[in-house]
Amino acid sequence: MIFLVLLSAIRIPASKVSTSAFGFNNTANGEWSSAFGYMNTASGERASSFGHANTVGKLKDDVSGKKVPDKNYGKNSLIFGTKYLVTGNSSGVFGVGEANWNKTTKQYDYNFVNEGNNSYMIGNLNKIASGSDDNFILGNNVDIRAGITNSVVLGNDSASGGSNTVSVGSTTLKRKIVNVGDGEISSNSTDAVTGKQLYSGDGIDTATWKAKLGVGAGGVDLTSYTKKDASNLTASDVTTWQTKLDVTKKADYKDAKDIDVNKWKTKLGVGNGGGAPVDTYTKTESDNKYLDKTSYNTDKSNFATKTDLGKFANASSTDINVAAWKAKLGVGAGGSGGITNTATGTGSTALGVDNTVTGNYSTTVGYKNKVSGNHSGAFGNPNIVTGNGSYAVGNDNTINGDNNFVLGNNVTIGSAIQNSVALGNNSTVSSSNEVSVGSATQKRKITNVADGEVSATSTDAVTGKQLYKVMQNSGALGVDNLRNEVNEKIDNVKDEVRGVGSLSAALAGLHPMQYDPKAPAQIMAALGHYKDRQAVAVGASYYFNDKLMMNTGIALSGEKRTEAMANVGFTLKIGKGSGTTYTETPQYVVQNEVKRLTVENQELKNKVNNQDNRIKNRTKKLKIWKKK
């Protein structure tokens, strides 16, 4: 039934050889051209125009003043979308543009045009100027100006960085390139390097760098002053380094589940977003109603039936005579051998001219594309895709490996290569899991890249600005700055050692006296000196009993800033001895006893002296008596 309703709206202004126009008010006047949908025009040779109000090619005045297709524009080009114009050759558009109906000329004035040759735009509101060939856009609101060639622009509101560049942003909108594999680091490498490689220095000629910086084997060994693992850096130090290197840890990500479907409908102008539902069909040419459940139940009595159509079509006994329709349209085996698309794979689609799709759930749009891989697609002119899950957008591309993607022209990916991406005209891919933006002879810059994270695990691409900040230290001024920084660090360490030495000396001078049960608490003070630094310490001790003591102390030092050091200690007597019984006598008892014994000893000494004197006297008397 849907097929019959579609036929009722067909107008076919197809005036050239092997042309086709399906839908409402479509025009296919270029040789071997096709127009499908509503108010589409295909004026270029082998041009295809699908969707709403699109135009491929240009018209010119012939000798009689009649408008005829200009064969210099729109050859082998195609559009799949809304309100776009393509005048370049072998070029294409997929997306939504913008155009205004001109009541005077009875034509659309297009605001977004692809004028470049061999150039493709995928997205909305994009432009490629005349003279800008072999360019590719994957994004929205992108404008490639005149004179730019062999460039690729990726992302919304991105800007081209010039010829032979790949841009992922603009001067005001930067994007990081993440999940990048480690590139080769050599004198002739053109690979992108990651933040991890820059952070760790993998592949760097360390001997040359040491000689350049005058460190290690080339000068002072920095490892004698710094720690390689940066464990000596404080949080403030880390923040200072991040500011100096202009790097952050933060990255923003967007989950696909957060997409605002209603905003997309509004952007595309479909459904509740302000345009026609995409899953309905025009009922008539004039009333612009949509075929929904309500209108079908109301108007079904007016719909044509297969029996009704049989009165007007050359039908066989069982079905519509397809061969007769081909002859009527002048296509395929029924006509002059013009447009023949073949889609034999399950769930596959072929749109354009002479396309062949044998893979399952695959798609091709354009001219003479061949897709035999499953879940694959080709958009452009003669592309060959045999790999599964692979897509080619451009011209003359060949993809034999699985899960590969090409956005460009003249790219070949071998069967042994998987999970790779080629961007740009004549790019080459040499291995799996690779993103190529050029070839050995055709190199492109990647511009407008946001600063990547620089860390031991980073796989972000780093920018020239980040590398410059690291490399600038290789100059004479940079070496002097580095040496000054090292010397400053050394001076700081020396100053710290002097302070620690004086503080330690002061604390070491705090000594408690012996235990006295009448005075268990003690206060101590000491001075310390080391090199040119002095410190003062105060402390206290307390005896809980004759076996347990606690002591504490604090030392202060400083000239420019105050430094402090403190300690707390406990002393406990333990052990049973070796069988010797010991009872400790209080100190004051011992002192009193010593005083008593001293007095007693002095008294005894005096007695002894007196007795000695008496003995001497008697001895003298005895000697005198003997003489008598």
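Listing for the model above:
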| item | result |
| --- | --- |
| Rounded to whole Å, sorted largest first: equivalent-ellipsoid semi-axes of segment 341-443, Cα gyration tensor | 23, 14, 8 |
| Per-residue Cβ neighbour rank within 10 angstrom, fewest leading, LYS445, LYS623 | LYS623, LYS445 |
| FRET efficiency, 1/(1 + (r/R0)^6) with R0 51 Å, evaluated for HIS529 and ARG618 via beta carbons | 0.15 |
| Pairs of lysines in segment 588-628 (C-alpha under 22 Å apart; 8 or more residues apart or interchain) | 10 |
| Counted charge near VAL153, where neighbours are those whose Cβ lies closer than 15 Å (Asp, Glu -1; Lys, Arg +1) | +2 |
| Extension reserve of the GLN591-VAL63 stretch, reckoned as 0.36 nm per residue once the Cα distance is removed | 176.1 nm |
| 10 Å beta-carbon shell around ARG533, net charge (K/R +1, D/E -1) | -2 |
| Projected label distance in nm at PHE544 and ASN492, using a 7 Å step from Cα toward the beta-carbon | 4.2 |
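Laboratory data are not the source of any read-out in this text; all were calculated from the coordinates shown. In this text the structure is predicted, and so the values were computed from the model without any measurement. For neighbour counting, all protein chains shown are included, and Cβ atoms are generated from backbone atoms with ideal geometry for every residue, glycine included.
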